[in-house]
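Structure, as structure tokens:
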Amino acid sequence: MARFRISVLPGDGIGPEVTREALRVLDAVAERWSHRFDREEDLVGGAAIDRYGTALRQETLERARKADAVLFGAVGGPKWDDPRAPVRPEQALLGLRKGLGLFANLRPVRAHDELLDASPLRAEVVRGTDMLVVRELTGGLYFGRPQRRWRSAVGRQAVDTMRYSEPEILRVAQVAFELARGRRKRVTHVHKANILDTSRLWREVVEEVARGYPDVELDHLLVDACAMHLVRRPASFDVILTENMFGDILTDEASMVAGSMGMLPSASLGRRRSDGTGRGLYEPIHGSAPDITGKSIANPLAMILSTALMLRYSCGLPREAEAVEAAVDSVIARGLRTPDIAAPGQRSVSTPEMGDAVVATLRS
Ligand code: IPM
Ligand code: MG
């Protein structure tokens, strides 16, 4: 029996709907293996802006720091969409990533054999895809300074800064190589070294890290070529390692291989303890989906699979994580579909029905 402290931040839109199902799955895990997950729920994103005038309160961040893990739903919506507004829902996510030191973002993309037709790509292209994107999460253009806009004699100007230090590259590269060891032992480093100095530094440091992993094969791929190969030969990738902005863009593209963003979980990790676990933030790849909010049709599986990643990487409970993943595979194999993954004319289930099916499978 183990006891964990979980900070639960459902956020906006469908965030609360999918988080509810993930928590029911967590309850089923607690019951079956006699663990205890103490949960503290709080507002973030637009919901926090409405109530407190800020997307992420200092108290929320402090509490997340004391927790073993954060379960994060989604933030944002048309109500808070003005790009000129001083407070924006996304600040919650960036504040948590930076504030908790979560520098490695893991985004696994797997094509389920039963869902090949849900992808806009042809089934024969998608079949067999099983990749893991490791995206650097606390550096690069997202956090580089200077970042500002100003008025000048030639009109308005703006600047963003892409900056990376050796330790920032080193630590995330190590995560990618470690994870590759437990997989097919291939790392593809994605860069723009023909143009960017930061990419040339990445290349050098990644090669130095690779020397410590002679069993793992390393190759380098230009980011524009990678964008092409992701839709041409997605099944050929194992681990993709890349900087923050490239990773943001490529993971949305990669998600289409799996058919629906509603299937894809993510883990954001910081420094690990010697047993490999550590604090992390777990969230689905999808956003708050205002168009389907309140209709009970959102796919909760990405959030449920994110909870499985939490069990594995923050709680050190791999057996429990595998059981949740197997339960998701089983409901998919039995034909349960939310509308996003249903074939034309196929019957679909609601968000809570999908949650029920996973919970029932875990209990059986
Ligand atoms: C993501 C999202 C975020 C990002 C936004 C919401 C800040 O697109 O997690 O990929 O750009 O990192
Ligand atoms: Mg993104």
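Counting only other residues whose beta carbon sits under 10 Å from that of V172, what net charge do I get with K and R as +1, D and E as -1? Walk me through the intermediate numbers first.
On the way: positive: R135, R171; negative: E136, E168, E243.
So the environment of V172 carries a net charge of -1.
Straight-line reach from K79: which aspartates and glutamates fall under 16 Å, measuring Cα to Cα and dropping same-chain residues less than 8 apart?
Of all the aspartates and glutamates, those that pass the test against K79 - Cα under 16 Å, at least 8 places apart if same chain - are D12, D50, E90, D291.
At 7 Å along Cα-to-Cβ for each site, give me the label-to-label distance between R149 and E62 in nm.
3.5 nm
Please report the antiparallel percentage of DSSP beta bridges with both residues in the chain, rounded to the nearest 5.
Approximately 45 percent, going by the DSSP bridge assignments.
Any idea what the relative contact order of region 130-256 is, in percent, if you count C-alpha pairs under 8 Å spaced at least 6 apart?
37 percent
Could you work out the helix-only [θ] at 222 nm for the chain, with each DSSP H run of four or more residues adding -39,500 (n - 2.57) and the total divided by the number of residues, to the nearest 500 deg cm²/dmol?
-12000 deg cm²/dmol
Taking 7 Å along the Cα-to-C-beta vector as the label spot, tell me the K98-K185 distance in nanometres, rounded to one decimal.
4.1 nm
With all distinct Cα pairs included, what does the Kirkwood hydrodynamic radius of region 276-364 come out to in Å, to one decimal, could you say?
With all distinct Cα pairs of region 276-364 included, I get 13.9 Å.
Could you compute the FRET efficiency for A85 and S296, with r as their C-beta to C-beta distance and R0 at 25 Å, rounded to 0.05?
The calculated FRET efficiency here is 0.25.
For the chain, modelled as a GNM with alpha-carbon contacts under 10 angstrom, which of S119, S306, S268 fluctuates the most?
Largest GNM mean-square fluctuation: S119.
May I ask you to derive the relative contact order of the chain, considering only C-alpha pairs under 8 Å and at least 6 residues apart, and to give it as an integer percent?
22 percent
List the aspartates and glutamates whose Cα lies under 12 Å from the Cα of K185, skipping any in the same chain that are fewer than 8 positions away.
List returned: D215, E217, D219, D238.
Kirkwood hydrodynamic radius of region 305-348 from all distinct Cα pairs, in Å?
11.5 Å
In which sequence would M256, M1, M354 go, from the one with the fewest C-beta neighbours within 10 Å to the one with the most?
Working: M256 18, M1 7, M354 28.
In increasing order of surrounding Cβ atoms, one gets M1, M256, M354.
Mind computing the radius of gyration and Dmax over the alpha-carbon atoms of region 209-286? Å is fine for both.
Over region 209-286's Cα set, Rg and Dmax evaluate to 14.6, 39 Å.
Report the percentage of all Cα-Cα pairs in the chain whose separation exceeds 30 Å, rounded to a whole percent.
38 percent
If you put +1 on each Lys and Arg Cβ and -1 on each Asp and Glu Cβ, how big is the dipole of the chain around its Cα centre, in Debye rounded to 20?
On the way: 51 positive and 49 negative charges, 146 e Å.
Here the chain has a charge dipole of around 700 debye.
Cα convex hull of region 130-256: how many Å³ per residue?
Enclosed volume per residue, from the Cα hull, is 115 Å³.
Straight-line reach only, C-alpha to C-alpha below 23 angstrom: list the lysines that K98 could link to, leaving out same-chain residues fewer than 8 apart.
K66
If N is the number of residues in region 4-63, what value comes out of its Cα radius of gyration divided by 2.2 N^0.38 Å?
Working: Rg = 13.1 Å, N = 60, 2.2 N^0.38 = 10.4 Å.
Here the answer is 1.26, to two decimals.
Throughout, read-outs are computed from the coordinates displayed, never taken from laboratory work. These figures come from a predicted structure and were not determined experimentally. Here the Cβ is made from the backbone with ideal geometry for all residues, glycine too, and neighbour counts use every protein chain on show.
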